[in-house]
Amino acid sequence: MTSELITDIGELSTFADHEDRRTNVALVIDNGRIAWIGDAEHPPVADVRTSVGGRAVLPGWVDSHSHLVFAGDRSAEFEARMAGTKYAAGGISTTVNATRAATDAQLESNLRALRDEARAQGTTFLETKTGYGLDVETERRSAEIASRGADVVTFLGAHLVPDGISARDYLDLVTGPMLAAVTPWVSFIDVFCERGAFNVEQSREVLLAGRAAGLGLRVHGNQLGHGGGVALAVELGAASVDHCNYLTPADFDALAASDTVATVLPACDLSTREPLAPARALLDAGITVAIATNCNPGTSYTTSMQFCIATAVLQMHLTVEEAVRAATRGGARALGRDSGADAVGSLRVGGRADLQVLDAPSISHIAYRPGVPLTAATWLLGQRVLPAVTRAARAAF
C-alpha cells in the first residue's frame, strides 16, 4: 500500500494516553495504520504528501449507540411530542410493525444510507442494535443485516414486550430461541431497563442469558426516571449504561467505582424533552463518559455526532476537549475498543488510521459554529473515503 504523509496540520487531537492537542506536527499513514507522529519540520519520506492547509485533524467519531435497522416514519409522534405529549416507551411498537413488514433489501438500504450519512459527518466506527423486530425471525435478519453495515452489533430483543404475548413468555423467547438465532451476528446484549419496558429482575435475566452465550453486556437505563438500570449495569460489569438522565448519589458512587461507561445521548434528551443527562457531574466524579447519537426513528433521528458534541458543550457544560474525547475515545471504551491492536477513537503509532479533517483550524469550531457540517475529509483504515481520492481533490486540499 502507498504511505501518505499528512502535513500542514493546524491542530492534531490524538486522545492517546495523556496527549490530546498538538501543533507543529505531522503524521504518516502506512498499511492502514498510523506509522509515525512527530515534528512537522522533520517528517520521514512517504510515497504521497497531503497538505491539509492548516486544518484540524482528529480521530473519526465512534458512535457507540444507534438503532439503524428499521422501517417506517415516526415524525407525527415527534410533532405531537413537541406539542406537549409525553414520550413513553410504547412508541417503539409503531416501528416494530413497519420493520416486520419490510423486506431485507429495504432494511439494508436504509441502514446503509444512514451509515453513509454518518460517515460523511466524520463517523468512522459505528455500533447499531436490533430491537425493532421482537420476533425470532425479524430479530435474526436484523442482526444479519446490521452485521453487514455496522462495525459492532448489539442484540436488543429486550426492547419492549410486543403486543399479544405475556412478559414471561416473551422473556423465555428472548433468552432462548431469539438469543440463539442472533448470536452469530452480535457482540453485545442490551436491555431497556425502564418503566413500560423491563424491570430490574427481568433485565438481569436477559443480561445473564447473554453473558452465558458469550456476549458483552450493555444497558439502557435511567432514561425516563429513577430506577435500577445503572446499579444493575455496574453489578454485572456491563461495558456501558446508556441515557443516565436520572441519577442518585448512589448511582454516581457505583459508576465511579466501576469500569462501566456512562453514555449520554444529547439529541435524544432534546427530542424527548427529558432533563439533559448530568455529563458535567459524571466527569467531575471521575466517571468515563461517552457521547453517541442514539440515531433512531422515534426519539433521536440524527446521525450527527457534531450536533451532539455541540449540545454537550453549549448545554451540558463540557469543555470542547472533554466532549470530543467522549465522542471518540469514550465511545471506543463503551464498546471495549479503546486499547489493543484494533483500538479506535484515538490516534497513536501502530493504531488504526481512522481519522478526519475539519474545515476549521481547531476542534473548538464544532461548538463555536454549531450546526455547520465541518468534516472535510475522512480516512478509514488508512483509505481516504471522503472525498474520494482524485488528483484534483488532493490539489484542492
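The values are calculated or read from the model by the stated rules, or taken from the named source; none is laboratory data. This is a predicted model, so every value here is computed, not measured. Neighbour counts run over all protein chains shown; Cβ positions are idealised from the backbone, glycine included. For the accessible areas, the whole protein counts, side chains as well, though only heavy atoms, and no ligand, DNA or RNA atoms are used. Shrake-Rupley method; radii C 1.70, N 1.55, O 1.52, S 1.80 Å.
Annotations
- Here the accessible area of the chain is 52 percent carbon and sulfur, with a 1.4 angstrom probe and all protein chains present.
- Gain upon complete extension [Ala83, His317; 0.36 nm per residue less C-alpha separation]: 81.5 nm
- Assigned charges on the beta-carbon of Lys, Arg, Asp, Glu; the chain dipole about Cα centre (debye): 580
- Alpha-carbon centroid distance for the pair segment 111-157 / segment 22-67, whole angstrom: 28
- Rounded to the nearest 10 degrees, the inclination of helix 305-314 to the longest alpha-carbon principal axis of the chain is 90 degrees.
- Simple rule: put +1 on each Lys or Arg Cβ and -1 on each Asp or Glu Cβ in the chain, find the dipole, and look at Gly164, Gly91, Val25; the Cα lying farthest toward the positive end is Val25.
- Per residue, the accessible area of the chain comes to 37 Å², computed with a 1.4 Å probe over protein heavy atoms only.
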